[in-house]
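**Student:** Structure in structure tokens, see below.
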Amino acid sequence: MAKLSIADLEEIRNKVKKSTLLREGSFNAKITVHMGTCGIAAGARTIMNTLIQIIEESKRNDIIVTNSGCAGFCSKEPMVTVELKGESPVKYSSLNESKIKKIFEEHVLNGRIVAEYALAIGNEREP
Amino acid sequence: MEFRTHIMVCAGTACVSCGSFNVKKVLEEEIKKRGLDKEILVVATGCQGFCAQGPIVVVQPDDIFYQLLTPEDVPFLVEEHFLKGRPVKKMMYTPPGEKTEIPTMSEIGFFNKQRLIALRNKGLIDAEQIDDYIGRNGYNALIKVLTEMTQDDVIKSIKDSGLRGRGGGGFPTGLKWEICKNSKGDLKYIICNADEGDPGAYMDRSIIESDPHSVIEGMLIGAIAIGAHEGVVYIRTEYPLAIKRLETAIEQAREYGLLGKDILGKGFDFDLRIKQGAGAFVCGEETALLASIEGKRGMPNKRPPFPAESGLWGKPTNINNVETWANIPWIILNGADRFASIGTEKSKGTKVFSLVGKINNTGLVEVPMGITLKEIIFDIGGGVPNGKKFKAVQMGGPSGGCIPAELGDTIIDYDSVNATGAIMGSGGMVVMDETTCMVDVAKYFLNFTQAESCGKCTFCRIGTKRMLEILQRICEGKGEEEDIEKLQELAAQIKDSSLCGLGQTAPNPVLTTLKYFRHEYEAHIRDKKCPAKSCKTLLTFEINDKCIGCGACARVCPTKAITGEKKKKHLIDQAKCIKCGACFDICKFSSIDKN
Ligand SMILES: Cc1cc2nc3c(=O)[nH]c(=O)nc-3n(C[C@H](O)[C@H](O)[C@H](O)COP(=O)(O)O)c2cc1C
Ligand code: SF4
Ligand code: SF4
Ligand code: FES
């Protein structure tokens with residue numbers, strides 16, 4: 001490894017920024033994929049994988065994805081909850097790959113709720 | 001692919017000794033088995049501070065805190081939490097005396113009352129990855145110093161911050177740097193004191209284990225400020241993990257050109273080496289430390305000249321403690337004002353303490369100056385276990401003293417702690433409950449200093465020995481009326497006639513316990529009783545009328561001192577009893593009195 005200049009050091013800092021923010025728990029958007037047994041059966045894993053991929057492609061390092069248990073609407077799985085900083089969480093249901101891509105594009109990146117897929121706005125406290 | 005979740009596994013010394021590397025290994029295997037290894041990263045961090053609950057795992061970004069994990073717990077945990085998204089309650093922390101688990105780390109009292117500066121990267125980075133440190137603004141302070149600040153700016157900033165040495169003495173750090181900078185000589189040295197000899201203290205070890213670059217960056221900034229190009233970290237051999245992490249960190253910093261010649265292309269040269277000490281307490285004293293680095297026997301020398309004028313190899317040398325160094329980058333980046341806004345008038349910033357002894361949450365905490373002892377012991381430390389009463393806290397290790405429960409409102413501040421007769425010290429806090437005998441505590445610490453005295457000064461060498469003999473006699477019930485006076489007289493002489501801090505402070509534990517717990521000394525001497533029921537030779541075991549004659553005690557007694565007919569009250573032959581306490585522990589009917 002060659003000796004670093006100040007600019008190189010800044011570059012490293014940016015490169016690891018995502019990890020840093022994730023560990024600090026500071027983020028502007030959080031997407032929760034509901035992954036109970038029913039969710040997984042209904043394809044929640046595909047949703048998770050797609051999300052991880054499109055977040056990476058977006059080059060945004062302030063968006064995190066996490067999983068939680070069954071949301072209680074097994075017939076409407078797979079489901080995700082999108083939570084933008086300072087706004088109420090929105091639940092989306094019966095998702096597939098193209099729907100989650102649209103939600104990501106519209107809601108997560110541009111702040112516009114995709115009403116046609118939305119199940120509920122607000123959150124009944126998670127366990 | 002990017003990771004969505006980071007599992008931060010504590011790899012501090014305490015957690016490692018409880019098997020955290022095994023937990024980590026099984027975690028990685030299980031995650032791989034479940035096909036999650038592309039989205040979940042397992043990271044080894046330094047000590048999280050909550051060592052009593054180890055092995056500890058924190059899941060980010062959700063901040064879920066798991067404790068006391070075993071490798072057997074892991075498959076279930078991985079399936080439930082990481083695959084199905086259901087955090088596992090039974091592996092979470094429940095505060096003593098409460099019923100519900102606390103899922104997130106930030107809701108646990110032990111963590112959320114702390115204020116992190118020296119430990120700012122605790123649990124957030126892998127200490128063996130320099131990039132992790134850089135990501136948390138690491139080496140930004142160095143850039144600031146190299147590009148925007150003069151030597152005097154740096155010194156002024158540290159002076160304005162009010163930072164005082166965290167190694168025990170509490171000397172203003174900026175002033176020390178200024179003296180060293182103004183000392184004549186082109187060759188100067190920077191030293192980090194990581195000897196950490198106080199029994200029960202492990203703040204410095206933990207800082208190096210969890211964030212070695214914070215110390216390296218601090219030393220770099222100090223080197224620039226005083227104009228030094230060589231540095232030494234003096235660390236005890238008993239800290240193998242800390243040494244290994246420090247070596248790795250130095251290596252990585254060298255590779256990046258953050259140590260060595262022409263650092264960051266700004267024309268400044270500085271390099272660092274490690275000197276391992278053999279673990280003598282006296283080698284933490286700065287002049288003894290210098291002698292030890294020079295390859296001589298680690299014995300203190302007279303000051304002046306102070307190291308800032310004539311230190312290592314006779315050159316101006318600036319010595320600071322690990323925690324002091326770790327504060328420096330934060331002060332430079334966040335400003336002296338912000339640091340000075342925390343704390344009291346004369347004690348700024350934070351202090352790291354290791355909480356040990358009779359306390360629920362044993363561990364490492366960093367708290368703002370000005371917090372009270374009670375807040376530390378009860379709000380953060382969770383109070384005294386088993387419903388016992390808080391009796392006293394020993395601060396400052398063998399150089400310090402015992403502060404009684406009545407003074408629990410004392411604030412953490414150099415002057416306030418000194419006023420009690422104890423000292424801030426380097427951060428050891430030993431909590432004692434009603435079953436702790438204060439004469440015994442004094443004896444314990446004096447025994448330590450007595451053994452660690454280098455022997456150069458007669459009073460320190462022999463005076464402490466005589467004091468120790470008196471304390472031993474008192475604990476055995478052979479104390480005499482004049483003993484207290486003798487102890488006080490010897491203490492005064494040792495304080496006056498010792499060359500270094502070891503001797504000068506060695507009598508402090510005796511003096512403070514005499515000040516606050518004189519009645520316990522008197523009870524030992526006059527009544528031949530130990531009020532805390534701790535000194536074995538002063539105890540008597542007797543069987544009372546509640547005895548139903550079950551014979552359990554007689555069966556466990558190692559000396560067959562207990563006799564009696566079945567279903568009749570038993571009797572202890574005091575001549576045979578060796579006061580082991582086995583009968584007391586086994587009796588189910590409270591029929592044995594310990595007095
Ligand atoms: C007997 C004795 C032991 C000491 N042990 C340590 C130690 O382990 N670590 C430490 O930093 N300072 C120790 N000191 C204090 C050092 O002499 C010195 O004051 C300190 O390292 C200066 O750094 P600071 O100003 O950053 O606190 C000890 C002092 C005495 C008298
Ligand atoms: S006071 Fe004790 S430890 Fe210090 S130099 Fe004298 S004999 Fe050695
Ligand atoms: S204290 Fe020990 S030695 Fe004494 S009577 Fe009880 S069991 Fe026997
Ligand atoms: S070593 Fe793990 S919490 Fe201290």
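What follows draws every value from the coordinates through simple rules; no lab data is involved. From a predicted model like this one, the values you see are computed outputs, not experimental measurements. Positions of Cβ are generated from backbone atoms using ideal geometry, with glycine treated the same way; all protein chains shown enter the neighbour counts.
**Student:** So which lysines pass the test for residue B:566, namely a Cα distance under 27 Å, with those fewer than 8 places away in the same chain ruled out?
**Tutor:** B:546, B:576, B:579, B:588, B:594
**Student:** For residue B:357, what residues show an amide H to amide H distance below 5 Å, using hydrogens built from the backbone and excluding near sequence neighbours?
**Tutor:** Answer set, sorted by chain and number: B:431.
**Student:** Any chance you could give the angle, 0 to 90 degrees and rounded to 10, that helix B:508-522 forms with the longest Cα principal axis of chain B?
**Tutor:** Helix B:508-522 sits at roughly 20 degrees to that axis.
**Student:** Okay, moving on. What value, in deg cm²/dmol to 500, does the helix sum -39500 (n - 2.57) over DSSP H runs of n ≥ 4 give at 222 nm once divided by the residues of chain B?
**Tutor:** When only DSSP H runs of four or more count, the value is -10000 deg cm²/dmol.
**Student:** Kindly express, to the nearest 10 degrees and within the range 0 to 90, the angle between helix A:44-58's C-alpha long axis and the longest C-alpha principal axis of chain A.
**Tutor:** Its long axis makes an angle of about 30 degrees.
**Student:** Net charge near residue B:34: determine it from the other residues with C-beta under 12 Å of the C-beta of residue B:34, scoring Lys and Arg +1 and Asp and Glu -1.
**Tutor:** The answer is -2.
**Student:** Highest first, please rank the peptides B:163-176, A:41-54 by the mean number of other Cβ atoms sitting within 10 Å of their residues. Write out the running numbers ahead of the final one.
**Tutor:** On the way: B:163-176: 20.9, A:41-54: 18.9.
For the peptides B:163-176, A:41-54, the packing ranking is B:163-176, A:41-54.
**Student:** Turning to a different aspect of this structure: Mind scanning B:275/B:351; B:275/B:456; A:99/B:89; B:176/B:358; B:90/B:391 and naming the pairs with a C-alpha gap bigger than 29 Å?
**Tutor:** The pairs that break the limit, which is 29 Å between Cα atoms, are A:99/B:89; B:176/B:358; B:90/B:391.
**Student:** Under 1.5 on a/c is rounded, so check that first for region B:125-223, then, if it is not, pick prolate when a/b is larger than b/c and oblate when it is not; a ≥ b ≥ c are the square roots of the alpha carbon gyration tensor eigenvalues.
**Tutor:** oblate
**Student:** Additional query: Given H placed 1.01 Å from N in the peptide plane, which residues other than close sequence neighbours of residue B:350 have an amide H under 5 Å from its amide H?
**Tutor:** B:369
**Student:** What whole number of Å gives the distance from the Cα centroid of region B:168-223 to the Cα centroid of region B:263-341?
**Tutor:** If you average the Cα positions of each part, the centres end up 4 Å apart.
**Student:** What is the average number of partner chain Cβ atoms found within 10 Å of a Cβ in A:4-11?
**Tutor:** 5
**Student:** Can I ask one more? Between region B:512-556 and region B:476-504, how many Å separate their Cα centres?
**Tutor:** 26 Å
**Student:** Ranking B:537, B:410 by Cβ neighbours within 10 Å, fewest first, what do you get?
**Tutor:** On the way: B:537 12, B:410 19.
So the ranking, lowest neighbour count to highest, is B:537, B:410.
**Student:** In degrees, nearest 10, range 0 to 90: what is the angle between the Cα axis of helix B:483-497 and the longest Cα principal axis of chain B?
**Tutor:** 20 degrees
**Student:** Then there's this: Please list, in chain and number order, the residues 5+ apart from residue B:236 or on another chain whose amide H is under 5 Å from its amide H, with Hs placed from the backbone.
**Tutor:** B:277
**Student:** Summarise the partner chain shielding of A:19-31 as one whole number: the mean count of Cβ atoms from other chains within 10 Å of each residue's Cβ.
**Tutor:** 5
**Student:** Under the definition of partner shielding as Cβ atoms of other protein chains within 10 Å of a residue Cβ, what is the mean value for peptide B:131-142?
**Tutor:** 5
**Student:** Ordered by residue, what ³J(HN,Hα) values in Hz, to whole numbers, does region B:342-354 give under the Karplus form 6.51 cos²θ - 1.76 cosθ + 1.60, where θ = phi - 60° and Gly and Pro are x?
**Tutor:** Values, residue by residue: 9, x, 10, 4, 10, 10, 9, x, 10, 9, 8, 10, 9 Hz.
**Student:** Quick one: Karplus J couplings for region A:3-11, per residue in order, coefficients 6.51, -1.76, 1.60, θ = phi - 60°, nearest Hz, x for Gly and Pro?
**Tutor:** Result, ordered by residue: 5, 8, 9, 4, 5, 4, 5, 4, 4 Hz.
**Student:** Using the Karplus curve 6.51 cos²θ - 1.76 cosθ + 1.60 with θ = phi - 60°, what ³J(HN,Hα) values do you get for each residue of region B:396-404, in whole Hz, with x for Gly and Pro?
**Tutor:** Values, residue by residue: x, x, x, 8, x, x, 9, 9, x Hz.
**Student:** Now for a separate question. What whole-number distance in Å separates the alpha-carbon centres of region B:131-151 and region B:1-72?
**Tutor:** After rounding, the separation between the Cα centres reads 30 Å.
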